[in-house]
Amino acid sequence: MNRPVTPFDASEHDAAALLARRSSVGDDVYEVLLSRLISLKIPPGARIGVDQLARELGVSQTPIRAALIRLETEGLVNKTHLVGFSAAPLPSRQRFEEIYQLRLLLEPYAAERAATALTAAGRAELAALAEAMARPSAEEAQLAYGKFANADARFHALIARVGGGELMAETLARLHTHMHLFRVLFHSRVTEEAIAEHARLLDALVAGDGPAARKAMASHIRQSLQRVAPILDTLDEGATPSGRLRLADSSNPPRRHA
């Protein structure tokens, strides 16, 4: 499977033309900016000029500001008084390590419970999200990476909410894990590997097999860790010699498959 193309493999003129062909300007501006942030076309810490973006994309400042505010809530943009908007810095290596520790404590538990708590509508929504990640349409191909990150976050959020409740879902959402993860892994084969891992997890959830869902989720998070760990060594000092993050074994207690 080829790496999805983003709007920033094309020219800025093409990005503006893409917006002109779409009907929902607000959502489209958001997707363009999301892809720029995730691909690091807008690098961490860089200022984001509203006027410049409005001229470049051929839209008013209103959808630009709305998209930036939305991205601020997702942890990708910072707003500073009298300065304006800027791209959020990447989390430190220690922060990522703590995120993965917390995910391994919470998400496998939520997946096990969600396997028996999901309604037919919930299973259908998860299947639709997995399908959207696996087979983006031709029209969406230029924005596929940003869309994949968004769908991935929604996929995990639904499992957390159904299996762990609103508090767990809110706790995980505040980490902004998936958006930052795709920023550091933009040039990897993360999508192909994650699609296969999602498929195994979805199979267990649809089958109502809690232990298998727990195992699949834990495996997915650990595989994600292995993809990101070598890159995290470059974020700041203090990396382990092996290039792997230290995760406590207790975060993923062994479970027997039913």
Give me log10 I(q)/I(0) at q = 0.11, 0.15 Å⁻¹ for the stretch 74-220, Debye formula, one equal scatterer per alpha-carbon, no solvent. -0.43, -0.79
Beyond 15 Å, how much of the Cα-Cα pair distribution for the stretch 37-96 remains, as a whole percent? 52 percent
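The numbers here are math on the coordinates, done by the rules we state, and not lab data. Bear in mind that the values here come from a model prediction, so they are computed numbers and not experimental data.
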